[in-house]
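Here's the structure, in structure tokens; my notes come after.
The values are calculated or read from the model by the stated rules, or taken from the named source; none is laboratory data. All values reported here derive from a predicted model rather than from experimental measurement. Glycine gets a Cβ as well: all are built from the backbone with ideal geometry, and neighbour counts include every protein chain shown. The area values use the complete protein model at the heavy-atom level, side chains included, leaving out ligands, DNA and RNA. Shrake-Rupley method; radii C 1.70, N 1.55, O 1.52, S 1.80 Å.
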Amino acid sequence: MKLVDLLQARWRAASKREQRWLLAAALGAQLQQMQSLQAQAKALQGQPRIAPDEARRQLEASLNLLGTGARLTVTGERVTLTLKGASPDALAQWLAQVRLTAHVVPSEARLTRGAAAAGAAVGAAPTWDGTLVLTLSAG
């Protein structure tokens, strides 16, 4: 029997009271997550605005986190990051940093899973290749 079938059978066997408690617990977890996201959004909204030139400088200064395969192209409020062999952890760290320092928001992603770094052990972490488009916030 599949896990889904087992869970459905358990749900049907539960009393109405148990079902309400289970739903309340799930909704409580969702509410906590939504409140956390709301707090993050308010913190970001409360940050002072920065000039577009300063945002570009912040972006360029942060590229070293992504290695030598990262290139930036800025056209107006649109920033295109081209990646070749970027580690997933480095990309996540870079995105978190530039969201706070340069006030950019990802708007498009065209990423493919690249091969593991050359000479890396079998089972080594894959890398990302492709483009990521970000939007500068209004200054």
Next on the checklist: Looking only at the range 40-73, how many residues end up being crowded, with 16+ Cβ neighbours inside 10 Å and β-branched (Val, Ile, Thr)?
Outcome noted: 1
Checklist entry - Any residue at all in the range 81-89 that is β-branched (Val, Ile, Thr) and either open to solvent by 90 Å² or more (accessible area, probe 1.4 Å) or modelled with pLDDT of 90 or more (or both)? => result yes
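Output the helices (runs of 4 or more DSSP H) that fall wholly within the range 1-74 and possess 3 or more residues being at pLDDT 90 or above and hydrophobic (A, V, I, L, M, F, W, C), or say none.
Qualifying helices (runs of 4 or more DSSP H): 3-13, 16-45.
Go over the candidates ALA86, ALA92 one by one and state the one that is among the small types (Gly, Ala, Ser) and out of contact with any helix residue (DSSP H, G or I) (no Cβ under 8 Å at 6 or more places or on another chain).
Of the residues listed, the single one that is among the small types (Gly, Ala, Ser) and out of contact with any helix residue (DSSP H, G or I) (no Cβ under 8 Å at 6 or more places or on another chain) is ALA92.
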Next on the checklist: Just to be sure before I move on: is VAL79 within 22 Å of SER137 (Cβ to Cβ) and either outside any loop (DSSP other than H, G, I, E, B) or without any contact (Cβ under 8 Å) to a residue 24 or more places away in the chain (or both) in the structure I sent?
Outcome noted: yes
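Condition test on SER107, is it closer than 22 Å to SER137 by Cβ and open to solvent by 60 Å² or more (accessible area, probe 1.4 Å)?
The answer is yes for SER107.
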Next on the checklist: With the requirement that a residue be among the charged types (D, E, K, R) and open to solvent by less than 100 Å² (accessible area, probe 1.4 Å), what does the range 5-24 give you?
Outcome noted: ASP5, GLU18
Item to check | Filter result for the condition that a residue is in contact with a helix residue (DSSP H, G or I) (Cβ under 7 Å, 6 or more places away or on another chain), modelled with pLDDT under 90 and assigned to a loop (DSSP other than H, G, I, E, B), over ALA116, ALA125 | outcome: ALA125
